[in-house]
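First up is the structure itself, then whatever we jot down about it.
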Amino acid sequence: MNSRADQLKVFFLPFLVSGHMIPMVDLARLFAMHGVNVTIINTPANALLFQKAIDRDANSGHQIKTHILEFPSAQVGLPEGIENFNMITSHGMSHKLYYALSLLQKPIEQLFQEMTPDCIITDMFYPWTVDSAAKLGIPRLVFHTAGYFSQCAASSIKQHAPHLCVNSNADTFLLPDLPDTIEMTTLQLPRWVRTQDGYAQLMDRIRESERQSYGAVVNSFHELESAYEEHYTRITGIKAWSVGPVSLCVNRDAADKVERGNKVAPDENEWLNWLNSKECNSVLYVSFGSLNKFSTAQLIELAHGLDASSHQFIWVVRQKDKDQDEGWLEDFEKHIKESNRGLIIRDWAPQLLILEHPAIGGLVTHCGWNSILEGVTAGLPMITWPLYAEQFYNEKFVTRVIKIGVSVGVTEWRQWDEEAREVVKREEIKKTVIFLMGSGVQAAEMKNRARELRNAARRAIQSSGSSQSNLMSMIKELKSLKCGRS
Ligand code: UDP
C-alpha cells in the first residue's frame, strides 16, 4: 500500500460523449485499482451514468471519486440534464454544448489550482490542458480513445495530402509512409481533412497539444497494432503507453458490464434467455454505436437484408432511429419473433455482455474504436459499416491490417449528426452477412484470426502481459516525476 505522501493523485477529464466517457472512466478505475488516488471530473447528468461503478470501487477500498462541476445549462440555453452529445437532438444544441464546454474551462482550471493533482489525464478535446499542466509543473497525458492506426493514417494524409493528387473523390489513392498498403478515397475522409473549417483548426490545435504533452495513453494493446504503436511514437515524438483493452481490465462482473454509460431497457433478460436458446456462434450482433441516426430508407434496407440472409441476429435500434418509425418496425419485429430468428433491443444494449455470449458469432459494427476493441476482446469477426469520425480508418484497420472483417461497402463519410445520403442496399447486406456467418474458407480464416487476437488481448492484461507492464511502468514513471518535484 502507498503511504499518503507518495500516493499519486491523478485527475481524469473525459469529453462529454459516451464513446469517450466510457473508456476514460474505465481507465480511471484501472488506475485506482493500482493504488492511484483518482478524481474524475464530470457534470451532474454524466456523472450519474457511472456513479454505481465508482461507488462499488470506492466501497471496495479504491481511492476513486467523481468531482462534479455545475453544468451551465441556463447560460448556454440547453434544457436541464442535456449534458452530452448523445442527448442532443439538433445541430443548434451541438453548438450550445461546445459553448458549455468552453465555459467549463475556467472552473476546471480553478479546480486544478486548488487540488494540485500530480498529473492530468485528459481527452484530446481539451488542448488547453497543456497550458494548465505547464502552469502547475505537472505532466499532461492525452488519452486516445481511438487506436494507433487511425492516428497514423490521419497523419499520413495531413502530411502528404495524397487525396489532392487524384482526379475524382471516388478515385483511390495510397496512404504514404504506413507499415501496410492502405488505399482510400477522398469521399471516405472526414470533412475536416477536406475543408479548412473551424473544426479543422480545432483538430490542428489538438495535434499540436498532443506533441506538447508528456505522453499518450492509448486504449489498445501492443500485440494488436505494434507496427503502428511504433510509427505513432516516431511521428509524434512522444511516449505512448498501450494499456488496453481497458474495458476488459476493469469490467469483470455482470454489474459492471451491464451498466456502462447508459441505462439498458427494463426487459434486460429477454435477450439473455433468447441467446441461451441458440447454438454457439449462430447469432449476429448488429449495432451502430451510441450516436448514429439512420434514415427510414436505410433501416428498411437493413431489416430486409438481415431477414433475407436467413441468419439469426440481435439488432440494436436506437430511439433516434425509431422517431421515424411508421409502424413497419413493429411489423418487422413481430415477423422475426414469430420465426424466432431475430431480436430487437431498443436504444441501449448491454453490449459487453452480449458480445461475450457464446451464441454470438459475429458483429456488424459502425467501426467505433470501442466496439472494435470489444469485438476483438470477444474474438469475433466483423462486418464493417463505418459512418463518421475516424471510422473509415478503423475499417481499413479491421479489413486490411488485422483482417478479421469484411466491408459492407459504405463509400461516403458524413457528420455524426447528419443522416447519410448513401443507402446500403439489402442485397449487399444479405451477401455480406451470408459471407461472414457462413462456412467458407475466408470467413473461417477471419474467425481464427479473431480468436487469436482475443487470446492476445487476454494475455496483454494479465500480470506479466504487455498492457499490464505498460501500466505499471507508467505509474512508476509518474511517481518518480512526483518525487522529483517535491
Ligand atoms: N454501447 C453500449 N450499448 C449500446 C451502444 C453502445 O454498451 O447500445 C457502448 C459500446 O459498448 C461502446 C460505446 O458504447 O463501449 C460506443 O463506443 P464506440 O467507440 O463503439 O462508438 P461511438 O458510439 O462512440 O460512435
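The values are calculated or read from the model by the stated rules, or taken from the named source; none is laboratory data. Bear in mind the structure is a predicted one, so any value in this text is a computation, not a measurement. Methodologically, a virtual Cβ is constructed for each residue, glycine included, from the backbone with ideal geometry; neighbour enumeration extends over all protein chains shown.
Here segment 417-433 is the region considered, the condition is being of a type outside the set (A, V, I, L, M) and touching a Lys or Arg at 6+ places or on another chain (Cβ under 9 Å), and the residue that is nearest to the ligand (Cβ to nearest atom) is ASP417.
Here is a yes/no grid of residues against (1) under 22 Å from GLU395 (Cα atoms); (2) of a type in the set (Ser, Thr, Tyr); (3) touching a residue at least 24 places away in the same chain (Cβ under 8 Å); (4) part of a helix (DSSP H, G or I):
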position	(1), (2), (3), (4)
TRP274	no, no, yes, yes
CYS280	no, no, yes, no
TYR285	yes, yes, yes, no
PHE294	yes, no, yes, no
ALA297	no, no, yes, yes
ILE300	no, no, yes, yes
GLU333	no, no, no, yes
LYS337	no, no, no, yes
LEU343	no, no, yes, no
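Here ALA146 meets each of (1) at pLDDT 95 or above; (2) within 16 Å of the ligand (Cβ to nearest atom); (3) surrounded by fewer than 21 Cβ atoms within 10 Å (Cβ to Cβ); (4) not hydroxyl-bearing (Ser, Thr, Tyr) with one exception, condition (3). Listed by first and then second residue, the pairs with beta-carbon distance under 6 Å, at least 6 apart or on different chains, first residue in segment 28-42 and more than 19 Å from LYS52 (Cβ to Cβ), second among the aromatic types (Phe, Trp, Tyr) and in a strand (DSSP E or B), form an empty list. Can GLY362 be described as assigned to a strand (DSSP E or B) and in contact (Cβ under 8 Å) with a residue 60 or more places away in the chain? Here the answer is yes, as GLY362 does meet what is asked.
Can you say whether SER150 is in contact (Cβ under 8 Å) with a residue 60 or more places away in the chain, in a helix (DSSP H, G or I) and of a type outside the set (Asp, Glu), as far as the supplied structure shows? Spelling it out, SER150 is indeed in contact (Cβ under 8 Å) with a residue 60 or more places away in the chain, in a helix (DSSP H, G or I) and of a type outside the set (Asp, Glu). Note on segment 357-377: among residues that are small (Gly, Ala, Ser) and touching a strand residue (DSSP E or B) at 6+ places or on another chain (Cβ under 7 Å), the one that is nearest to the ligand (Cβ to nearest atom) is SER371. You will find that of LYS425, LYS403, LYS396, the residue that is under 30 Å from HIS91 (Cα atoms), at pLDDT 95 or above and under 22 Å from the mean Cα position of the chain (by Cα) is LYS396 and no other. Here the helices (runs of 4 or more DSSP H) wholly within segment 202-272 that include at least 3 residues being more than 16 Å from the ligand (Cβ to nearest atom) are 222-236. The number of residues in segment 385-408 being over 16 Å from PHE294 (Cα atoms), more than 12 Å from the ligand (Cβ to nearest atom) and not in a helix (DSSP H, G or I) comes to 6.
Against the list (1) within 30 Å of ILE41 (Cα to Cα); (2) out of contact with any Pro (no Cβ under 6 Å at 6 or more places or on another chain), the condition THR145 fails is (2).
Looking across segment 456-486, the residues that are over 15 Å from LEU224 (Cα atoms) and not in a helix (DSSP H, G or I) come down to GLN462, SER463, SER464, SER486.
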